[in-house]
Amino acid sequence: MRLSLRMTAIVLIAVAAPHARAGIIADSIADFSLVQGQDGWSYGFYDETDGAPYNPAGFTQFDVANAPDNNWKASDALVPSPPGPGEENNTFLSINAVGGHPTGVDIDGQDRILWAIRRFQSSLAGPVSIAYDIHKLNTTNLNGGGITGRIFVDGVEKLTQFIANADGTGVQGVLTVPVSVGSLIDFVIDPLGV
């Protein structure tokens, strides 16, 4: 499964009370860093192979900050693939400033379904608006059958959007959700269609 998804301009905007001022509290592109947790952002993956409902506790942080390519990856030892390290499942799994790449079961020997996840931890409470742009970055490589972009808040799915394999336009929108201090907002690239 070779495809990259762009979930860009993920901007969290605090929706302020009438006497307060709203403003941008996070931007997934401008805030991207090779330091886990910086500005509230973490980067990792979730093993969804067994099909169980998403559990945010199953999020595994990437452990390789790949400076030459400005992206996050997992070491082969971190990626599951019984009985040993998951080299075959780790070829494409990554997150960068403008997108990422999941892993799906494939003819290249991949035997796991691994969601690529960009996670934001809220430092405020109240309603936030999430501006999202979900589309395929590489429209010339037509391997795979599309992906599903997902947004979870504290483990509850708030958005599910299928993106076809050659869809360079995708879907843009704004989602307003309540958050608490410490809420986890997970932006998922799932290699499977809905």
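What follows draws every value from the coordinates through simple rules; no lab data is involved. Since the model is a prediction, treat every value here as computed from it, not as a measurement. Here the Cβ is made from the backbone with ideal geometry for all residues, glycine too, and neighbour counts use every protein chain on show.
Rounded to whole Å, give me the distance from the Cα center of the range 97-117 to that of the range 148-194. Measuring centre to centre over Cα atoms gives 16 Å.
Would you mind getting me the FRET efficiency between Asp76 and Ile24? Use the beta-carbon distance for r and R0 = 35 Å, nearest 0.05. The calculated FRET efficiency here is 0.40.
Here the calculated FRET efficiency for Thr160 and Ala67, from their Cβ-Cβ distance with R0 = 25 Å, stands at 0.15, rounded to the nearest 0.05. For the range 71-186, the square roots a ≥ b ≥ c of the C-alpha gyration tensor eigenvalues yield an a/c of 1.5 or more together with a/b not exceeding b/c, which makes the shape oblate. For the range 70-78, the Karplus equation 6.51 cos²θ - 1.76 cosθ + 1.60, evaluated at θ = phi - 60°, returns couplings of 6, 8, 9, 9, 10, 5, 4, 5, 7 Hz by residue, with Gly and Pro reported as x. Converting phi to 3J(HN,Hα) with the Karplus coefficients 6.51, -1.76 and 1.60 and the offset θ = phi - 60°, the range 159-169 yields 8, 9, 9, 6, 10, 5, 4, 10, 8, x, 8 Hz in sequence order, with x at every glycine or proline.
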